[in-house]
1. In the set ALA162, ALA169, ALA185, ALA176, which member is within 23 Å of MET126 (Cβ to Cβ) and free of Cβ contacts under 8 Å to residues at least 12 places away in the same chain?
2. Residues in region 215-247 that are assigned to a strand (DSSP E or B) and among the small types (Gly, Ala, Ser): how many?
3. Considering region 79-114 alone, what residues qualify as being under 23 Å from MET200 (Cβ atoms) and out of contact with any Ser or Thr (no Cβ under 7 Å at 6 or more places or on another chain)?
4. Looking at this structure, is LEU86 surrounded by 19 or more Cβ atoms within 10 Å (Cβ to Cβ) and not aromatic (Phe, Trp, Tyr)?
5. Take PRO263 and decide whether it is under 30 Å from the mean Cα position of the chain (by Cα), under 23 Å from ASN33 (Cα atoms) and either loosely packed, with under 15 Cβ neighbours inside 10 Å or at pLDDT below 95 (or both).
6. Would you mind telling me which numbered condition in (1) over 18 Å from THR198 (Cβ atoms); (2) part of a strand (DSSP E or B) THR125 fails?
7. Somewhere in region 211-228, is a residue within 16 Å of the ligand (Cβ to nearest atom) and either closer than 19 Å to VAL27 by Cβ or among the polar types (S, T, N, Q) (or both)?
8. Could you list, in sequence order, all residues of region 151-176 that are in contact with a His (Cβ under 7 Å, 6 or more places away or on another chain) and hydrophobic (A, V, I, L, M, F, W, C)?
Amino acid sequence: MTLRLTVATHEWHEAQARLQEQVPGLVPVAKGNGYGFGLDALAREANRMRAGVVAVGIAQEVTTVRLAGWRGDVVVLNPWRPFDELAMSLLEDPKVITTVSRAEDVAALARTHPRSRVVLELDTTMHRHGMATAELAGLDIGELHFEGWSIHLPATGSLQEATALAEAAVGRRRGALWVSHLSVADYRMLRTNIGVRTHMRIGTRLWLGAPETLTTTATVLDVHPIRRGGRLGYHQARAPRDGFIVVASGGTAHGIALAAPVPQRNLRQRFNTVADGLMRATGSTLSPFTIAGRKRPFAEPPHMHSSMLFVAGSDPGVAVGDDIPVTCRMTTTRFDEIVWH
Ligand SMILES: *Cc1c(COP(=O)(O)O)cnc(C)c1O
């Protein structure tokens with residue numbers, strides 16, 4: 001009973017190698033659910049790529065990549081906060097680089113942990129974390145081991161913004177630049193123009209940039225004929241037509257959601273999907289599962305490990321044991337099994 005990710009390993013590695021060649025200073029990002037592959041798999045990949053440093057999201061993930069065999073430097077992307085005890089303990093770790101994003105935190109660390117390795121984060125038009133360039137003038141980093149400046153751009157990062165921030169920061173204090181979300185061409189331009197060591201942190205483009213190398217499938221676990229009006233599922237909804245209930249592996253435990261993971265056009269639509277909560281009727285919500293070439297509706301909201309789908313007509317198009325394609329949003333899916341071909 002499996003939701004399965006099958007990787008065309010050789011081609012997947014080739015795509016990574018191409019990106020690594022185009023992006024000198026590439027820092028693989030291994031965080032969260034490991035982009036569907038798991039953090040341990042990504043830690044092993046980073047070893048294979050001979051990356052000097054790996055980026056994780058939070059302090060807890062440092063242990064995970066180390067248990068998977070990572071021995072190099074680890075930069076923690078979420079900025080340090082004084083109330084995070086684990087992040088506090090990592091300040092003493094000679095292989096951990098801590099991101100610091102507020103002037104008061106810089107001051108506190110300079111006082112309490114003067115030899116920590118730190119990257120200082122700048123505010124960008126994303127406005128998630130970071131210090132405004134105006135704040136840099138008053139910044140006193142004391143004895144902190146300065147590893148450079150961090151710039152986290154919006155998904156459509158612009159060279160212009162990166163350059164302006166980088167010049168302001170490097171003008172204050174010379175050090176490496178750690179950027180995210182620039183195009184390869186823009187990154188190379190920035191690197192040439194700015195004249196300091198640069199890194200680009202990449203997760204999505206590195207691990208998911210060659211979707212043709214990844215196949216995600218579910219297994220058909222049961223097929224039942226049902227008459228129009230027949231009741232089904234926990235919620236005893238009625239079948240809208242004659243057809244079949246197809247039960248497939250993959251449910252809420254795997255991150256299979258009620259709304260199919262297709263991009264929704266606006267916030268209002270997204271809000272409506274959430275506000276609807278439960279589907280109103282069998283067959284009203286498209287599932288991410290494909291049967292006989294078409295995405296099929298859920299018969300009712302997904303269960304923990306399986307989903308009930310509705311196939312109208314006189315032929316279910318599948319039999320118990322068949323594998324069927326399922327569209328997965330990789331950053332929210334937990335696969336039962338990963339097959340490395
Ligand atoms: C997650 C993250 C990245 C990687 O983002 P992708 O879109 O997955 O490449 C880069 N930089 C920072 C600061 C991040 O938090």
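The values are calculated or read from the model by the stated rules, or taken from the named source; none is laboratory data. Everything quoted here is computed from the prediction, not taken from an experiment. Every residue, glycine as well, gets a Cβ built from its backbone with ideal geometry; the counts of neighbours run over all protein chains shown.
1. Numbers: ALA162 fails: free of Cβ contacts under 8 Å to residues at least 12 places away in the same chain; ALA169 fails: free of Cβ contacts under 8 Å to residues at least 12 places away in the same chain; ALA176 fails: free of Cβ contacts under 8 Å to residues at least 12 places away in the same chain.
Sole residue among the options that is within 23 Å of MET126 (Cβ to Cβ) and free of Cβ contacts under 8 Å to residues at least 12 places away in the same chain: ALA185.
2. Residues of region 215-247 that are assigned to a strand (DSSP E or B), as a first pass: 215-226, 231-232, 237-238, 243-247.
Then drop every residue that is not among the small types (Gly, Ala, Ser), which leaves 218, 237, 243.
Of the residues in region 215-247, 3 are assigned to a strand (DSSP E or B) and among the small types (Gly, Ala, Ser).
3. LYS95, VAL96, ILE97, VAL100, SER101
4. no
5. Numbers: under 30 Å from the mean Cα position of the chain (by Cα): yes; under 23 Å from ASN33 (Cα atoms): yes; either loosely packed, with under 15 Cβ neighbours inside 10 Å or at pLDDT below 95 (or both): yes.
It is true that PRO263 is under 30 Å from the mean Cα position of the chain (by Cα), under 23 Å from ASN33 (Cα atoms) and either loosely packed, with under 15 Cβ neighbours inside 10 Å or at pLDDT below 95 (or both).
6. (2)
7. Looking only at region 211-228, we keep the residues that are within 16 Å of the ligand (Cβ to nearest atom), and these are 211, 214.
Imposing the further condition that a residue be either closer than 19 Å to VAL27 by Cβ or among the polar types (S, T, N, Q) (or both) reduces the set to none.
Scanning region 211-228, I find no residue that is within 16 Å of the ligand (Cβ to nearest atom) and either closer than 19 Å to VAL27 by Cβ or among the polar types (S, T, N, Q) (or both), so the answer is no.
8. Residues satisfying the conditions are LEU153, ALA155, ALA176.
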